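Quick notes on the structure that follows.
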Amino acid sequence: MRIGIVCYPTYGGSGVVATELGIALAERGHHVHFITYGQPFRLDDHSTRISYHEVRVSDYPLFDYTPYELVLTSKLVDVVKYEKLDLLHVHYAIPHASAAYMAQQILKSEGINIPFITTLHGTDITLVGKDPSFEPVITFSINQSNAVTAVSKSLKEDTYKYFKVKDKAIEVIPNFIDLKKFDFPLDHEAKLALAPNGEKIVMHVSNFRPVKRIEDLVKVFYQIRLKTPAKLVLIGDGPDRNKIEQMCRTQYFICDDVKFLGKMKSTEKILSLADLFLLPSETESFGLAALEAMAASVPVITTNTGGTPEVVEHGYSGFTSNVGDVDDMAKNALNILTDENNFKLFKSNARKKAAEFDIQKIMPLYEDLYKRVVI
Ligand code: GMT
């Protein structure tokens, strides 16, 4: 099949999922065309069955806001026509689904039929999507999509709750990881560099946006550290980084035990050094970062809202608490970290739970959907 994938190329779960999906599809013999404004950050040396088409937006003095969506639409028309695509798969509703719809209509007027699938990822529905200024466009483009998928049951329910799309079937196809990418020997030297005295390593990976509640992360870590030697390692960057740097420096005085490593392209290596993963988000439609941690045999402490409880099994591969209940999160973290038998059990359960989301299990669900939509 010849498939066009539209996604955000920047650091973020939806871009990661779209890129890994495209790479895996190409490995299975499909021809994949990424259409976006920047090279997806995980798309390095790609196979000859993958092409990348850059959507170049030029400045024009008349525009205070350059209409990216229109340039994307024109690019979609061009790529579908000249690369003879069978299907467009757009990740994140805004503005990709409406651009795909418009491209579809333009191509229809030229006698070309191109179906498009929209995959909803989370904030396109739960945060951004609820903004009334986007609502009519999202509702319309969900209804017009040839198929719609959501990354969790919770996101599917939210979509029905917030948008007038009750007659549209939404299929749940969960996010995935490639388990074999997490199979390598532990780098003892790197672990020692982060925790020279064998302290427990608590880790977090995100884009540090307010929805991640990283201030809770600091509060939980502070309580953990009072009871057991520990280090906090933070991967990523974003708007709330300064806030928590200040919290560590001037409120909790824990700077010596907190390391900010910044953005990383892939996280398998660094996650393998962790003993516990913390994700205290307000809500996550799925929590791909938690799944990646579990694939690296790292138990997860997270919240019980959104789709994370579908990924992290409470009392098995980690624990889920009410949003903001830092005392409960700290108690659960210590339960895992301070009892060696428990720790080993949770580590092995985390890996077992992650195996349910291995790419080998999830990829056929997408391929099956593609076949149904293209015919
Ligand atoms: O919110 C983010 O961190 C970015 C956003 C995205 O654009 O990738 O993440 C959403 O999609 C991911 C991939 O499906 C999910 O794993 C995240 O849970 C989801 N984020 C939220 O719902 C807050």
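Laid out as a table, the results:
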item: Computed helical MRE - 222 nm, the chain, DSSP H runs ≥ 4 contributing -39500 (n - 2.57), nearest 500; result: -12500 deg cm²/dmol
item: Radius of gyration and Dmax over the Cα atoms of the chain, both given in Å; result: 21.4, 68
item: Computed FRET value (nearest 0.05) for Phe63 with Asn341, which takes r as the C-beta separation and R₀ as 56 Å; result: 0.35
item: Normalised contact order of the chain, rounded percent, pairs of Cα under 8 Å and 6 or more residues apart; result: 13 percent
item: Reachable aspartates and glutamates, given that their alpha-carbon falls under 12 Å from the alpha-carbon of Lys259 and they are not under 8 places away in the same chain; result: Glu245
item: Among Pro185, Pro40, Pro174, residue whose mean-square fluctuation peaks in a GNM of the chain (springs only between Cα atoms under 10 Å); result: Pro185
item: The chain: angle of helix 93-109 to the longest principal axis, Cα-based, in degrees nearest 10; result: 20 degrees
item: Set of lysines with alpha-carbon distance to Lys180 below 19 Å, sequence-local pairs under 8 removed; result: Lys265, Lys269, Lys347, Lys352, Lys353, Lys361
item: Helix 359-374 vs. the chain, principal-axis angle (Cα, 0 to 90°, nearest 10); result: 20 degrees
item: Residues Phe41, Phe184 arranged by fewest to most Cβ contacts within 10 Å; result: Phe184, Phe41
item: Sorted by Cβ neighbour density within 10 Å, fewest at the top, the residues Lys164, Lys347, Lys84, Lys191; result: Lys84, Lys164, Lys191, Lys347
item: Relative contact order of segment 142-281, defined on C-alpha pairs under 8 angstrom at six or more residues apart (%); result: 26 percent
item: Helix axis angle, 135-144 relative to the chain longest principal axis, alpha carbon, degrees; result: 70 degrees
item: Least to most buried among Lys212, Lys259, Lys243 (fewest other Cβ within 10 Å first); result: Lys243, Lys259, Lys212
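Since every read-out is calculated from the coordinates, none of them should be taken as a lab result. Remember, it's a predicted structure, so these values are computed and weren't measured experimentally. A quick note on method: Cβ atoms are made from the backbone with ideal geometry, for glycine too, and the neighbour counts reach across all protein chains shown.
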